[in-house]
1. Just checking, does segment 133-154 include any residue being touching a strand residue (DSSP E or B) at 6+ places or on another chain (Cβ under 9 Å) and closer than 30 Å to ALA57 by Cβ?
2. Kindly check whether there is at least one residue in segment 63-73 that is closer than 30 Å to LYS45 by Cα and surrounded by 15 or more Cβ atoms within 10 Å (Cβ to Cβ).
3. Is it the case that some residue within segment 98-109 is charged (D, E, K, R), touching a helix residue (DSSP H, G or I) at 6+ places or on another chain (Cβ under 9 Å), in the same structural domain as VAL82 (by TED's automatic domain parsing) and in a strand (DSSP E or B)?
Amino acid sequence: MKIRGTLVDHLMLAGGKQRVTIETTDDFRDEYDRLHEKEISAEIKEFRKPRSLDANAYFHVLVNKIAISQGVSDDEAKRWLVVRYGTVERDEDGNVVAAMLPMSADIDKFYPYTRCYKSVEQDGKTYNCYLFYKRTRYMDSAEMSHLIDGAVHEAQELGIETDTPDIIARYKEEWRP
């Protein structure tokens, strides 16, 4: 179960144990009754407002205009923008997600949002090392906002008309937590 709340108290207890108090507006009573005094696992991280569907739609409008301008597919334009302005993928421990593949392998068959950052020799064979970038559907509002800023910049550099700064600012207010 996911809940949204605020950390309000932290106590150090005897024996090195710690107690954390979370204040929430979600009704947690049933889950509390079910889990009280049972061993649980919990993940606490900063809340980020989900991106708006308007932000996603506007990004795809820009992708399409850039693709037409450059004579490429929407998928190619989106890949280029995500790799240039997107967010590097990280695992649960915060480690960057990357892979090493034989030079002959086509990374696009495995995952669309990658960047080759180096080639290495190992056991007489050459391998390309790739960084993985988040898919747009997994970006939070701050990450999506940065991606859209990049798409707006690229569109303007290509002479493509974009929404006015006032409209973009209004979108951003919806995107940011």
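The values are calculated or read from the model by the stated rules, or taken from the named source; none is laboratory data. Because the structure is predicted, anything quoted here is derived from the model rather than measured. Don't worry about glycine lacking a Cβ; one is built from the backbone with ideal geometry, like all the others, and counts go over all protein chains shown.
1. First pass over segment 133-154, keeping only residues touching a strand residue (DSSP E or B) at 6+ places or on another chain (Cβ under 9 Å): 133-134.
Remaining after also requiring closer than 30 Å to ALA57 by Cβ: 133-134.
So far as segment 133-154 goes, yes, one or more of its residues are touching a strand residue (DSSP E or B) at 6+ places or on another chain (Cβ under 9 Å) and closer than 30 Å to ALA57 by Cβ.
2. Within segment 63-73, the first condition is being closer than 30 Å to LYS45 by Cα, and the residues that meet it are none.
Within segment 63-73, not a single residue is closer than 30 Å to LYS45 by Cα and surrounded by 15 or more Cβ atoms within 10 Å (Cβ to Cβ).
3. Filtering segment 98-109 down to residues charged (D, E, K, R) leaves 106, 108-109.
Remaining after also requiring touching a helix residue (DSSP H, G or I) at 6+ places or on another chain (Cβ under 9 Å): 108.
If we keep only those that are in the same structural domain as VAL82 (by TED's automatic domain parsing) too, we end up with 108.
Okay, now just the ones that are also in a strand (DSSP E or B), so none.
No, segment 98-109 contains no residue that is charged (D, E, K, R), touching a helix residue (DSSP H, G or I) at 6+ places or on another chain (Cβ under 9 Å), in the same structural domain as VAL82 (by TED's automatic domain parsing) and in a strand (DSSP E or B).
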